[in-house]
Amino acid sequence: PTNPKERQIPSKSKNEQIQIPSLIFYFLSLNITMGGAHSREDLEISDSDSEEVEEDENYQDSKNETPDRSSSSLGNKSPSSLDEVESKLKALKLKYPSSSSTTTGTQNPSLKNAVKLYLHIGGNTPKAKWVVSEKLTTYSFLKTSKTNGRDDEADDEDDDDDEGGEAWWVLKVGVKIRVKVAAEMQLKTIGDQKRVDFVAQGVWALKFFSDEDYKGFVSKYQDCLFENTYGFESNEANKIKVYGKDFIGWVKPEAADDSMWEDADDSFLKSPGSGATPVRDNQDLREEFEEASNGGIQSLALGALDNSFLVGDSGIQVVKNFCHGVHGKGVFVNFDNGDYRSGSNLVHSTPKKALLMRAETNMLLMSPMNEGALHSTGLHQLDIETGKVVTEWKFEKDGTDITMRDITNDSKGGQLDPSGSTFLGLDDNRLCRWDMRDRKGMVQNLASASAPVLNWTQGHQFSRGTNFQCFATTGDGSIVVGSIDGKIRLYSSSSMRQAKTAFPGLGSPITHVDVTYDGKWILGTTDSYLILICTVFTDKDGKIKIGFNGRMGNRIAAPRLLKLTPLDSHLAGVNNKFRNAQFSWVTENGKQERHLVATVGKFSVIWNFQQVKNGSHECYRNQEGLKSCYCYKIVLKDDSIVDSRFMHDKFAVTDSPEAPLVIATPMKVSSFSISSRRLSLGLASTLRPAK
């Protein structure tokens, strides 16, 4: 029959397709050690299981894009299994053409915005798969104040439903999907399959019947996303208004100067072969230690010398640093021993920030004024060797008490300086340096004697201040600051008054920021994605500089995004956001950070830094817009993760490319060592669940 709905697939072909997952499972069982299933997905199948087999051809490998979390995970495949599976799929496609090639001319060609809708079911179980939810339906973008629920609105792009109130663009697919266009959709484009995957109370995929339809959807989606994010219609003038003419490459990546990303040609950790999936070693990341804490861990202070510290509800637990991780020493500083809380007006809750100083012999502890608050009026200085609080500091300027929301060392390796007496402070509209040599605390104004410490005016106007959120320092003391409006500002080590460079961001608040020791790369954390920015540029005289030391002009590389696949994002949970993304830790010129790590709920997510920078890597193929990297590994814990960080580079042993990874949950701290020569990350692969 010419109608794809009526076509019957011979049983032989059907059996061949059924055998493909088993083949993959066989190879996986040789390559990786996995734990039991741990699905957090509870979805209902919209259609029966008897979906058309031919339509599954393009979706048999979609588990490769959105992997299983169990022993049948399709996220970690060897090259041999991929080659064999792909050859089988290609053979099947030759004998039985896919619907996209036959449907365009026969299946309702006059129907506007026609798509086929798939739903991912089974979560992370061995039975996970894509099923056909609607064999033929339509989508529309509506501007409305309603997002949830189903109604009888007409599928008309111009059907506004704002009724005078706040309105935004939503994507409506048939009667099953109605979702606000936002980064939280985690929309992933797969151009070679004319397909997009996304999250909307489940994991869905739209399959388009032509390249034109696919590109039309992506273009409209990007326009709606821009308007929902910034409140302006998506046009050239407004994009320049939002990003600035120097950063137009951020919205038009094809026009950006990406030459500075090309140092990814370094041989270390580069994917072997031409687009081949890297070889995996089932011993590439091994759990070495697991330590129970004395109380609920709130923060992790890693040391580069002998010890690291777990700051909890009742005190500080000291652990010993080893080449394979951290292990308990049995030393504990109790907050309730009278030395910390007694008579204090500064500490009202468990410390949320612990900063090591003076060759890691002292620790600064900063607590918010109230539980749930972000700001603090002061801090305590703890002598680690005696376990006593030696000084209680107040934040004060010109005789007036002020607050801070964060503190950090003067430089990337500042905690190792035995004579260090200064540190940096950040508040919503303040950036300053505190000097502990004055009992009351003294702000050093590096700009001028008469001007405020922070008076940033370059390029943009802020009617209500800068709304600083987080900051970090380079090896030479340059400062990067992230803001609630998504902007990232770079300050040189000699001035805090005016930013040398201000990146516009992509609209999502920057909740955490990190920078490499050499200042060439910045990693910003948002709730839905990580943004990696290159600060290297060539000035008008042909000299290579970084954005901390000069204005970058218009030769600015487009950023790259690091994301979870829609399925992994859904499995992580709707309330679990990216937190505390950081580079691995080096404090020496000439050494390069090798990995990136971030936390999402119970996931610790690891990216290979070299692969992220490699523009020819397989992950970036067939994408639209900014390049997004989905090549990572996940370590799953049985509790929400407080923090996950790599130890100092000095703890990397000869047979390891990286120092151990330390993962802290409220009640435990675990250490993982990388024992193989390379940790090459494939598409969204799970290492293994960790207890």
I'd like to know if the stretch 603-610 contains one or more residues that are in contact with a helix residue (DSSP H, G or I) (Cβ under 8 Å, 6 or more places away or on another chain), crowded, with 20+ Cβ neighbours inside 10 Å and touching a residue at least 40 places away in the same chain (Cβ under 8 Å). yes
Give the residue that is nearest to residue 644 (Cα to Cα), with candidates limited to residues of the stretch 325-334 that are in contact with an Asp or Glu (Cβ under 8 Å, 6 or more places away or on another chain) and surrounded by fewer than 20 Cβ atoms within 10 Å (Cβ to Cβ). 327
How many residues, within the stretch 207-224, are within 27 Å of residue 485 (Cα to Cα) and out of contact with any Gly (no Cβ under 9 Å at 6 or more places or on another chain)? 5
Set 531, 546, 522, 510: member being farther than 20 Å from residue 251 by Cα and out of contact with any Cys (no Cβ under 6 Å at 6 or more places or on another chain): 546
So for the stretch 316-336 (the condition being outside any strand (DSSP E or B), at pLDDT below 85 and over 33 Å from the mean Cα position of the chain (by Cα)), does at least one residue qualify? yes
Restricted to the stretch 339-386, and to residues that are crowded, with 19+ Cβ neighbours inside 10 Å, among the hydrophobic types (A, V, I, L, M, F, W, C) and more than 14 Å from residue 299 (Cβ to Cβ), which residue is modelled with the lowest pLDDT? 347
Those residues of the stretch 392-409 which are in a strand (DSSP E or B) and touching a Leu at 6+ places or on another chain (Cβ under 9 Å) amount to 392, 393, 394, 404, 406, 407, 408, 409
Quick one: which strands (runs of 3 or more DSSP E) lie wholly within the stretch 534-642 and hold at least 1 residues that are modelled with pLDDT of 90 or more and within 27 Å of residue 351 (Cα to Cα)? 578-583, 595-600, 603-608, 633-636
Between residues in the stretch 118-139 that are in contact (Cβ under 8 Å) with a residue 12 or more places away in the chain and residues that are polar (S, T, N, Q) and part of a strand (DSSP E or B), which pairs lie under 8 Å by C-beta distance while being six or more apart or on different chains? 118/133; 119/133
How about the stretch 228-252: which of its residues are closer than 12 Å to residue 554 by Cβ, out of contact with any helix residue (DSSP H, G or I) (no Cβ under 8 Å at 6 or more places or on another chain) and part of a helix (DSSP H, G or I)? 245, 246, 247
Could you go through the stretch 160-175 and let me know if any residue there is at pLDDT below 55, within 20 Å of residue 222 (Cα to Cα) and part of a loop (DSSP other than H, G, I, E, B). yes
Filter the stretch 215-251 down to residues that are acidic (Asp, Glu) and over 14 Å from residue 624 (Cα atoms) and give me whichever is modelled with the lowest pLDDT. 246
Looking at the stretch 428-528, what strands (runs of 3 or more DSSP E) fall wholly within it and have at least 1 residues that are modelled with pLDDT under 80, over 27 Å from the mean Cα position of the chain (by Cα) and among the hydrophobic types (A, V, I, L, M, F, W, C)? 442-444
Taking the stretch 185-212 and keeping residues surrounded by fewer than 18 Cβ atoms within 10 Å (Cβ to Cβ) and either more than 22 Å from the chain's Cα centre (by Cα) or part of a helix (DSSP H, G or I) (or both) leaves 191, 192, 210, 211, 212
Answer residue from the stretch 227-253, given it is of a type in the set (Gly, Ala, Ser) and surrounded by fewer than 14 Cβ atoms within 10 Å (Cβ to Cβ) and is farthest from residue 506 (Cα to Cα) among those: 237
Among the residues of the stretch 115-122, is any assigned to a loop (DSSP other than H, G, I, E, B), on the phi < 0 side of the Ramachandran plot and modelled with pLDDT under 95? no
Does the stretch 479-513 hold any residues that are of a type in the set (D, E, K, R) and out of contact with any Leu (no Cβ under 6 Å at 6 or more places or on another chain), and which are they? 485, 487, 489, 497
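The values are calculated or read from the model by the stated rules, or taken from the named source; none is laboratory data. The shown structure was predicted, so the numbers you read here are calculated from the model rather than taken from an experiment. With ideal geometry, Cβ positions are generated from the backbone for all residues, glycine too; neighbour counts draw on all protein chains shown.
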